[in-house]
Amino acid sequence: QVQLVESGGGLVQPGGSLRLSCAASGSIFSINTMGWYRQAPGKERELVATITTGGTTNYADSVKGRFTISRDNAKNTVYLQMNSLKLEDTAVYYCNVRKRVASGATWWNPTYWGQGTQVTVSS
């Protein structure tokens, strides 16, 4: 089992910045992709950003140019630097970790979730 602990959430004014971090522990072997998702009140959980072991990133269109995802493989930690925050960024942000495990001739990709950290953007 993989345990994910998020931190860095809080209250910030529009245009402000916040940095989230997520540290993975436990059975951390074969971790491949790490990322962040968010869920706003009354909405579905959506992808924010992902990053592979090699450093390839992917962002939701709504956060491109404002958010930056990074990771420290040695520490099994993923970060999300959020700048120019908007009201619509308000949500619970969840850390996500996906493994890539060999299973016979194919692959198994177990996924793990953190408990979430609240980010509130308000004036």
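Specify the residue that is farthest from Y94 (Cα to Cα); the eligible residues are those in region 35-52 that are assigned to a strand (DSSP E or B) and aliphatic (A, V, I, L, M). Show your work before the answer.
Start the filter on region 35-52 by keeping residues that are assigned to a strand (DSSP E or B), which leaves 35-39, 46-51.
If we keep only those that are aliphatic (A, V, I, L, M) too, we end up with 47-49, 51.
On the way: L47: 9, V48: 9, A49: 11, I51: 14 Å.
Taking the candidates together, the pick is I51.
Sort out which residues of region 2-29 are in a loop (DSSP other than H, G, I, E, B), under 15 Å from C95 (Cα atoms) and either in contact with a Phe, Trp or Tyr (Cβ under 8 Å, 6 or more places away or on another chain) or of a type outside the set (V, I, T) (or both), and write them in order of number. Walk me through it before giving the result.
Let us first name the residues in region 2-29 that are in a loop (DSSP other than H, G, I, E, B), namely 8-9, 13-17, 27-29.
When the remaining residues are screened for being under 15 Å from C95 (Cα atoms), the result is 8-9, 28.
Answer for region 2-29, where residues must be in a loop (DSSP other than H, G, I, E, B), under 15 Å from C95 (Cα atoms) and either in contact with a Phe, Trp or Tyr (Cβ under 8 Å, 6 or more places away or on another chain) or of a type outside the set (V, I, T) (or both): G8, G9.
Conditions first: (1) within 15 Å of L20 (Cα to Cα); (2) at pLDDT below 95. S103 passes all but one, so which condition is the exception?
(1)
Just one of (1) in a strand (DSSP E or B); (2) at pLDDT 95 or above; (3) not small (G, A, S) trips up N32, so point out which.
It is condition (2) that N32 fails.
Go through region 22-56 and report how many residues are open to solvent by 20 Å² or more (accessible area, probe 1.4 Å), under 15 Å from L4 (Cβ atoms) and without any contact (Cβ under 8 Å) to a residue 40 or more places away in the chain.
2
Give region 103-120 a look and list any residue that's open to solvent by less than 100 Å² (accessible area, probe 1.4 Å), free of Cβ contacts under 8 Å to residues at least 40 places away in the same chain and part of a strand (DSSP E or B), or say none.
Within region 103-120, S103, T106, T111 meet the criteria.
Which one is nearest to N32 (Cα to Cα), of the residues in region 57-94 that are charged (D, E, K, R) and open to solvent by 60 Å² or more (accessible area, probe 1.4 Å)?
Within region 57-94, the first condition is being charged (D, E, K, R), and the residues that meet it are 61, 64, 66, 71-72, 75, 86, 88-89.
Now drop any that are not open to solvent by 60 Å² or more (accessible area, probe 1.4 Å), which leaves 61, 64, 75, 86, 88.
Working: D61: 23, K64: 22, K75: 14, K86: 30, E88: 29 Å.
Top of the filtered list is K75.
Against the definition (within 17 Å of V5 (Cα to Cα), in contact with a Phe, Trp or Tyr (Cβ under 8 Å, 6 or more places away or on another chain) and polar (S, T, N, Q)), how does N83 come out, yes or no? Step through it out loud before you land on a result.
Details: within 17 Å of V5 (Cα to Cα): no; in contact with a Phe, Trp or Tyr (Cβ under 8 Å, 6 or more places away or on another chain): yes; polar (S, T, N, Q): yes.
The answer is no for N83.
With the condition kept exactly as written, say whether any residue in region 77-92 is more than 14 Å from the chain's Cα centre (by Cα), among the charged types (D, E, K, R) and modelled with pLDDT under 95. Give the derivation first.
At the first step, the residues of region 77-92 found to be more than 14 Å from the chain's Cα centre (by Cα) are 83-88, 90.
Imposing the further condition that a residue be among the charged types (D, E, K, R) reduces the set to 86, 88.
Among the residues that remain, those that are also modelled with pLDDT under 95 are: none.
No: zero hits.
So which residues in region 102-123 are among the β-branched types (V, I, T) and within 21 Å of Y37 (Cβ to Cβ)?
Here is the first cut: in region 102-123, the ones among the β-branched types (V, I, T) are 106, 111, 117, 119-121.
Once the filter is applied, which keeps residues that are among the β-branched types (V, I, T) and within 21 Å of Y37 (Cβ to Cβ), region 102-123 yields T111, T117, V119, T120, V121.
The values are calculated or read from the model by the stated rules, or taken from the named source; none is laboratory data. Worth saying up front: this structure is predicted, and the values here are computed from it rather than measured. Neighbour counts are summed over all protein chains in view; Cβ atoms, including those assigned to glycine, are modelled from backbone coordinates with ideal geometry. Please note that ligands, DNA and RNA were not included when accessible areas were found on the heavy atoms of the full protein model with its side chains. Shrake-Rupley method; radii C 1.70, N 1.55, O 1.52, S 1.80 Å.
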